[in-house]
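Below is one structure; the comments refer to it alone.
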Amino acid sequence: QVQLVESGGRLVQAGGSLRLSCAASGRTFSSNEMGWFRQAPGKEREFVAAISWTGGNTYYADSVKGRFTISRDNAKNTVYLQMNSLKPEDTAVYYCAAAPFLTTAQADFHSWGQGTQVTVSS
C-alpha cells in the first residue's frame, strides 16, 4: 500500500493553468504506476491520466489530451498533473491513485488519495 496526499487544487478562471501534486509515502512508490482521476458533481469518477513507473509511458483521456500532462519525480515520491487551458467542465475533485501495472481502469488501482478540489470559473 502507498499513502497518497493530493494538493494544488483551487479556483481558477477558464483558460488558466494549475499544477496538482500527489505526495506518496512508502518505499514502493517508484515501482507503482500512477494515475489521476476526477469526479464532478453528480457524475461518476473518471480516468484522466496515467504514467508508468519509469515515466516513459503515459495515457490520457481524450477530454484532456493536449491540455494536461502527467509526470513524476521518483526521487521526491511525487506525481504531478499539469493542467493548461482549463475549462469549466474540468471542475471536479481530482484524485491520484497507485496501481501495480499501467492501466486506466479504476478497479486496478489499490491506493487512493483524499482528493483536491479544482474549480474552473467561466
Residues of segment 83-117 being in a loop (DSSP other than H, G, I, E, B), farther than 21 Å from residue 15 by Cα and open to solvent by 60 Å² or more (accessible area, probe 1.4 Å), in sequence order, are 100, 101, 104, 110, 114
Counting only residues in segment 27-43 that are surrounded by fewer than 20 Cβ atoms within 10 Å (Cβ to Cβ) and closer than 16 Å to residue 98 by Cα, the one modelled with the lowest pLDDT is identified as 27
Given (1) out of contact with any helix residue (DSSP H, G or I) (no Cβ under 9 Å at 6 or more places or on another chain); (2) open to solvent by less than 20 Å² (accessible area, probe 1.4 Å); (3) in a loop (DSSP other than H, G, I, E, B), residue 64 misses just (1)
- Is it the case that residue 46 is open to solvent by 50 Å² or more (accessible area, probe 1.4 Å), under 11 Å from the mean Cα position of the chain (by Cα) and acidic (Asp, Glu)? yes
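The values are calculated or read from the model by the stated rules, or taken from the named source; none is laboratory data. Keep in mind it's a predicted model, so treat the numbers as computed, not measured. FYI the Cβ positions are ideal-geometry reconstructions off the backbone, even for glycines, and counts take in every protein chain you see. Each accessible area value is taken on the protein alone, full model and side chains, heavy atoms only, with ligands, DNA and RNA left out. Shrake-Rupley method; radii C 1.70, N 1.55, O 1.52, S 1.80 Å.
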